[in-house]
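The structure follows.
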Amino acid sequence: MINSTHDSTMNSWVGSANHPETDFPIQNLPYVYFDRSGADGDGGIGVLIGDAVLDLTRCREDGLFASEELGDVAWTLQKGAAVSNLFDLDQETLSAFRRRLVALLRDDCDEPTRKIVERNLISASDVRFDIPCEIGDYTDFYCSIFHATNVGTLFRPDNPLLPNYSWVPIGYHGRASSIVVSGTDVVRPRGQGRPDPEAPPVFGPSRRLDYEMEVGFYVGKGNDLGETIPIGNAEEHIFGLCLVNDWSARDVQGWEYQPLGPFLGKSFATSISPAVVTMEALAPFRVPAFERSEDQPGPLPYLSHDENEESGGIDIKLDVLISSQKMRNEGIGPHLVSRSNLKDLYWTIGQMLTHHASNGCNLQTGDLIATGTVSGKDKSERGCLLEMTFGGKEPIELPSGEERKFLEDFDEVILRGFCKRDGFRRIGFGECRGVVLPAK
């Protein structure tokens, strides 16, 4: 629910948090896991505020969370603890903790308390961010009907959407061990493909390497094996969101995916942004679920709920930028390739989670679930190069004069996401970056 922590008139004594274009004003406060760069390796759970990180473990040691109401939170903030220690807490406790963080960082915080908080504030440039928790399982969905239609048109022009798409959220089980944090280089994968349909397949570096603009969400409370999660309770099991780049070797994927779906064309790397933006921070940006046309069926009863229809979507603007090595050498800034929006997904994140558990699958705290490529109806809203270049037939042009059908070595892909609405402060997700290195 929207509450006092979303007040747009509220400012922080951390000056950088008050800049109108910051991703991390006091109204956001996403969680991160960090290490103190070049120091003693000490780190743990923090929150982002402006251009700084507040060390929550040291705040706990200084007694800033010493109240009965925050007892469960303080226990989770042990040295070296993962952010997922917070995921399993109930919403009432998490909301109380958010209110306490706001009180500590608000510009009317008393001077003695502020001095204690200030000594636990570190410049974000002086720390190294890591994956916020150990991700036990990773599932990737395929929930943009525009993406599915565009890709289907490439291979089945007369029948782009398969019959099940309008009825069931499609997904596959990804590789959790190859999830990497933003800033990690991605080595071009080798794999088997068949560029010439009249010749045998070949093995070598992927020649059709692509990005996918996605959003991920972390499972908070899990469910027992054999139990389900009703759609009306789904968001009680979602802690927060991040950005996801589901790197894809399209030539490998296209050859291997039938009949069992993605495998080595996806499992070589998945990049995520380090910040976990909570569901409470996103409350002002909720919108109705995707409005289906008259010829599209409504969801089956187990995926249908009034609250999900009214506010199951989230208005998050998603940008993809590319920076080539030549652009960087010539001092040319990253080029905006596309801007899409999470609200255009055919299935909501609540429906994804409910469907995932509908067969009794036991989701666990810290699991990551991604939406699949987020695309809109216009060409400028296509979330991957496969769509943007129509399978490589319509290259995009970069400001340096270079063309791209697919990614080249040393290209950097930058994903950004932010929410903006009249009457509320802009909040963002930071960046999800990765540079492509040559195949080994």
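The values are calculated or read from the model by the stated rules, or taken from the named source; none is laboratory data. Bear in mind the structure is a predicted one, so any value in this text is a computation, not a measurement. FYI the Cβ positions are ideal-geometry reconstructions off the backbone, even for glycines, and counts take in every protein chain you see.
With free of Cβ contacts under 8 Å to residues at least 60 places away in the same chain and over 18 Å from V435 (Cβ atoms) as the only criterion, which of T354, T365, T348, T371 stands out? Step through it out loud before you land on a result.
Numbers: T354 fails: free of Cβ contacts under 8 Å to residues at least 60 places away in the same chain; T365 fails: free of Cβ contacts under 8 Å to residues at least 60 places away in the same chain; T371 fails: free of Cβ contacts under 8 Å to residues at least 60 places away in the same chain.
The conditions single out T348.
Rundown of residues vs (1) buried (at least 17 other Cβ atoms within 10 Å of the Cβ); (2) over 23 Å from Y218 (Cα atoms); (3) not assigned by TED's automatic domain parsing to the domain that holds V180, yes/no style:
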{"site": "T93", "(1), (2), (3)": "no, no, yes"}
{"site": "R98", "(1), (2), (3)": "yes, no, yes"}
{"site": "L101", "(1), (2), (3)": "yes, no, yes"}
{"site": "L104", "(1), (2), (3)": "yes, yes, yes"}
{"site": "D108", "(1), (2), (3)": "no, yes, yes"}
{"site": "E111", "(1), (2), (3)": "no, yes, yes"}
{"site": "V117", "(1), (2), (3)": "yes, yes, yes"}
{"site": "I122", "(1), (2), (3)": "yes, yes, yes"}
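Filter the strands (runs of 3 or more DSSP E) completely within region 126-173 down to those with at least 3 residues that are of a type in the set (D, E, K, R) and buried (at least 21 other Cβ atoms within 10 Å of the Cβ). Before you say what the answer is, go through the steps one by one.
Numbers: elements: 127-130, 138-141, 171-173.
Correct list: empty, since no element meets the threshold.
Can you pull out every residue in region 49-88 that is without any contact (Cβ under 8 Å) to a residue 60 or more places away in the chain, assigned to a loop (DSSP other than H, G, I, E, B) and either over 25 Å from N3 (Cβ atoms) or not small (G, A, S) (or both)?
D62, G63, L64, F65, L77, Q78, K79, G80, A81
While we're on this one: Before we move on, is D62 at pLDDT 90 or above and either more than 27 Å from T184 (Cβ to Cβ) or of a type in the set (A, V, I, L, M, F, W, C) (or both)? Reasoning before the result, please.
On the way: at pLDDT 90 or above: yes; either more than 27 Å from T184 (Cβ to Cβ) or of a type in the set (A, V, I, L, M, F, W, C) (or both): yes.
In short, yes.
Does region 390-397 contain at least one residue that is touching a Leu at 6+ places or on another chain (Cβ under 9 Å) and within 23 Å of L243 (Cα to Cα)?
No: zero hits.
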